[in-house]
Each structure stands twice: as structure tokens, then as C-alpha cells.
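Asker: Following this message is one structure expressed as C-alpha cells.
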Amino acid sequence: MIFPFLVSFLSFAHINLVGEFYISEVMLLGYLIFSAGKLRLLAAPFPKKLLLLGLLWLLSQMVTDWYRDSIPENYLRGWAAIIFFLIDFCAVYLMVRQKPDVIRTLILGTALGTIFSVIFFPTDYSISEPWKFGYGFPVTLLVLLYLSTGNRYKTKAGLLLLVALGVLGVFMNARSLGGMAILTAAILYLGQRRGFQANANKRPNPIKLAWLGLGVLLAVYGIKSVYEWSAESGYLPEKVAEKYLMGKGKDTGLLGVIAGGRPEILISSQAVMDSPILGHGSWAENPYYTSMRYEAVAKLGLEVDESFIKYSIESSDLIPTHSSLMQAWVWAGLLGAVFWLFVGYFLITSILCVFFNASGYQVLVIYLCILGLWNVLFSPFGGGDRFDWALALVVIYFGTNLLNLSSGNQVINFRNGEHEKLFFKAQK
């Protein structure tokens, strides 16, 4: 267990060599080389599909960079990001495939390593917003790990702890982080109701799935309503309330709701429409799209400091994306988007799988799926995210299978998962 802990604990450590060069990824590459005789385990349907689509994403990025005549510094970083992400996934998958209990060690190492990095190597962001950009995520992981031990999350105290963690996140100006914790608690609460538990071992039909979707939407609406009431009634800190009122300052309509106050989505959408098949290249730069920030902010009705927009435009010509999906589409083209759409589909079906089954890793799977869907839509794919994404996908995949095995249900209810049954037979 020492090696998995060190890999995850050191996942923050990197040096700048062309791009960001992470120590953990070198360790995982070495692990993958020494595990060459076990690469056949990657032939299971899910890892095989993910690797195939990942290689197509890489191929599309290479073709795009050749077509766009990207400079070596940019395309080497772009290719390396995809390659190391796939290496991370393969190594972590093999590690957990051979010993599923290592999941807890990897999560513990990641959480403690992140806290260590915030304390001893703080960034400007973590200094200005210590919970939002520092302690919030690792502390949440530790709480989830605690709740998953002995199924503590099934108790009222466990659910209340998740809600309290979410409220703390909102008070600390980390609204998305807090909302995810509260939504996780809401989904767990719904899943424990008799009406849903009665259908745990039955194949869900469209009507049952519609009820499930309605329940989740009502939970989201309820969380949103409580947040708005708290902000307007003066129960939130001044800084948090100002952020809410700023977003409400103008009627943004449906477009503003979809964009979530992020003008980048309008700019990246235009870049995609201009070149939907081939992208604009690794670390795509184009002052035309960068200067669209003024227009995008005006369309969304956001109250943003004009000097800040001017600084953003003058400091970099990088096409704004702020989304893993849109970033891959803008940089690599359609095949990059296909990869992240597949990831999004996997996350949604995983939530559906674990919703009807209460055991072990359910709380971790649900939270990581919600976080993953948010990142696919609203968070860019950076160097430090490669290991985090690899770990999250592996935890969700094996956590889902362990849940369905322990409950007697099968993942095949939501996706073609006959291989899961074979996998667990092989573990006995």
C-alpha cells in the first residue's frame, strides 16, 4: 500500500519542463512498464472503449496540429497531456483491478497530499480563497472516505454531515463545491426511500427513470431556492451575497442559466462552429476569439470589471474554453468532444446504477460522478487534473461494480456489463 499512497500523495508535485511534468506520472509510467504482463486486463469493455476513444482523441489532436502548423512547444504539451492521462488511467486501473481495497489508500493519499501542498506550496488562488481553491476538496474527500467506511452515510448523522459540509462550502464562497455535497446527500436520501428501494433488483423502465430524474431535479431546485433565500435574507457572508446579487443583477434568460455565468462557453461555441471537425490546435491561440470576451459578457448580462477583461485579453491569446468538453473540441476537434461525451455518458449511467443500491462506495461514486459532470461542462482539463480524472474514473467504475455485486444487482441494467460478472467471479 506504500506505493499507491506515495503516488497519490505526490500527485501535486511537478516541475516545468516544456509543460508541467508530474512526479507521480513518472512513477505510474514505471509501474505500467513493470506491469506489462498484465496489460491484458485492460481488454475489459470499459477500459478498452476509453483507451480507443482516447487514442482517437490523440490522433485528432496530432492531425489538427499538423494542419494548423502548431508550434512545437504547444503541440508537445497538447500531445503529452493526453498521453499521460491515458498512462495514468491504465496504471491506476491495473492497480485497483488487482487489489480493489487500494481505492481507499489512493483517495486518502490524494486528500492528504493536496492539504500538504496548500500548506507548504500555496498558490495565489489558495491564499485568496483557501477553502474554494485549497482545503475544500481534500476535506470533502476525507469526509466521504469516513462516511463510506461502515456505511455511515446511510445514517441520518451521515447525511447531516454532508449537508453541513455543503453549507460550509457555500459560506466559504465555494458554491459549486458546497452544492455538490448537498446534492449528494439529497440523492442518497432519495435512494433510501422505500419506493426506490423496492425497485432495486428490478430492471428500471422509462417511467421509473423519469421519476428518478424528477426527484433529482426537485432536489436541485430545492437547494437553489434555499441558497437564493439565504442570500436575499442576509444569512450569507457579504462577499458571498454580493456574488449572488451580481449574477442576478441582469436578466440573463435561458442563455445565462445554461452558461452558468461563464462567458467562455459562448466564445468556445463560436470557435467550434467555425471549425467543428478539426480543432484549432493544442493551446490554441487566436486574438479574434479572445477579444470576444466583451461581447460574451454583454450577452450574459454579467457585471464584470472592464479592467479585468482588458487584462485577460492582453495577457493571453488563448481561446477561452473553461470546459473539458469544449477545450478538447476547440483544440483537437470532434473526436476530442466524442471522448468527453463518452465520459459524460459513463458518469450518468454510473449514478443510475448506484442509485438503486446502497453499499460501500455509493457515496464516493455519487459525489465523484456529480463532480465529474460539472468538470466536463464547466472546468478545463489542466495538468493537475490528469491524475485526478484517472483516479475518479477508476473509483467510479470499480465502486459501481462492487456495489452491484454486493446487492445482487447487475450493471447490465444500464449498460452492457456482462464483463463485470466475469471480473468478480475471477476475484473469488
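Asker: Only helices (runs of 4 or more DSSP H) wholly contained in segment 1-91 count here; list those with 2 or more residues that are within 22 Å of SER324 (Cβ to Cβ). Reasoning before the result, please.
Answerer: Working: elements: 2-9, 23-34, 45-68.
Because the criterion is at least 2 residues that are within 22 Å of SER324 (Cβ to Cβ), the helices (runs of 4 or more DSSP H) in segment 1-91 that meet it are 23-34, 45-68.
Asker: Another question about this same structure. Looking only at segment 32-78, filter to residues that are aromatic (Phe, Trp, Tyr) and at pLDDT below 95; which one of those is nearest to the chain's Cα centre (by Cα)?
Answerer: Of everything passing the filter in segment 32-78, PHE46 is nearest to the chain's Cα centre (by Cα).
Asker: A further question on this structure: Taking the stated definitions as given, is SER126 over 21 Å from PRO4 (Cβ atoms) and either in contact with a Cys (Cβ under 6 Å, 6 or more places away or on another chain) or open to solvent by less than 60 Å² (accessible area, probe 1.4 Å) (or both)?
Answerer: yes
Asker: A further question on this structure: What are the pairs, 6+ residues apart or on separate chains, where a residue within segment 377-397 that is in contact (Cβ under 8 Å) with a residue 12 or more places away in the chain has its Cβ under 8 Å from a residue that is buried (at least 19 other Cβ atoms within 10 Å of the Cβ) and basic (Lys, Arg)?
Answerer: Cβ pairs passing all conditions: PHE378/ARG262.
Asker: May I pose another question? Hey, does segment 156-163 have a residue that's more than 23 Å from THR349 (Cα to Cα), touching a helix residue (DSSP H, G or I) at 6+ places or on another chain (Cβ under 8 Å), open to solvent by less than 20 Å² (accessible area, probe 1.4 Å) and at pLDDT below 90?
Answerer: So far as segment 156-163 goes, yes, one or more of its residues are more than 23 Å from THR349 (Cα to Cα), touching a helix residue (DSSP H, G or I) at 6+ places or on another chain (Cβ under 8 Å), open to solvent by less than 20 Å² (accessible area, probe 1.4 Å) and at pLDDT below 90.
Asker: Mind counting the residues in segment 77-108 that are closer than 13 Å to VAL26 by Cα and open to solvent by 20 Å² or more (accessible area, probe 1.4 Å)?
Answerer: Going through segment 77-108 one residue at a time, the tally reaches 4.
Asker: Which one is nearest to HIS14 (Cα to Cα) among residues in segment 51-98 that are polar (S, T, N, Q) and out of contact with any Lys or Arg (no Cβ under 9 Å at 6 or more places or on another chain)?
Answerer: ASN74
Asker: Restricting attention to segment 344-352, does a residue exist that is aromatic (Phe, Trp, Tyr), assigned to a helix (DSSP H, G or I), at pLDDT 85 or above and within 15 Å of the chain's Cα centre (by Cα)? First the steps, then the outcome.
Answerer: Residues of segment 344-352 aromatic (Phe, Trp, Tyr): 345-346.
Then keep just the ones that are assigned to a helix (DSSP H, G or I); that gives 345-346.
Retained after the next criterion (residues that are at pLDDT 85 or above): 345-346.
Narrowing the set further to residues that are within 15 Å of the chain's Cα centre (by Cα) leaves 345-346.
Looking for residues that are aromatic (Phe, Trp, Tyr), assigned to a helix (DSSP H, G or I), at pLDDT 85 or above and within 15 Å of the chain's Cα centre (by Cα), one finds at least one in segment 344-352, hence yes.
Asker: Among the residues of segment 164-194, how many are of a type in the set (S, T, N, Q) and at pLDDT 90 or above?
Answerer: Residues of segment 164-194 of a type in the set (S, T, N, Q): 173, 176, 184, 192.
From what's left, at pLDDT 90 or above: 184.
Number satisfying all stated conditions: 1.
Asker: Only residues that are assigned to a helix (DSSP H, G or I) and open to solvent by 30 Å² or more (accessible area, probe 1.4 Å): list them for segment 314-330, please. Show your work before the answer.
Answerer: Let us first name the residues in segment 314-330 that are assigned to a helix (DSSP H, G or I), namely 314-315, 324-330.
Selection gives GLU314, SER315, TRP329.
Asker: Just one of (1) open to solvent by less than 50 Å² (accessible area, probe 1.4 Å); (2) over 21 Å from HIS14 (Cβ atoms); (3) modelled with pLDDT of 95 or more; (4) within 21 Å of the chain's Cα centre (by Cα) trips up ALA111, so point out which.
Answerer: Every listed condition holds for ALA111 apart from (2).
The values are calculated or read from the model by the stated rules, or taken from the named source; none is laboratory data. Quick caveat: nothing in here was measured; it's all calculated off a predicted structure. Heads up, the Cβs are rebuilt from the backbone with ideal geometry, glycines too, and the neighbour counts pull from every protein chain shown. Side chains are part of the model used for accessible areas, which takes the heavy atoms of the whole protein and leaves out ligands, DNA and RNA. Shrake-Rupley method; radii C 1.70, N 1.55, O 1.52, S 1.80 Å.
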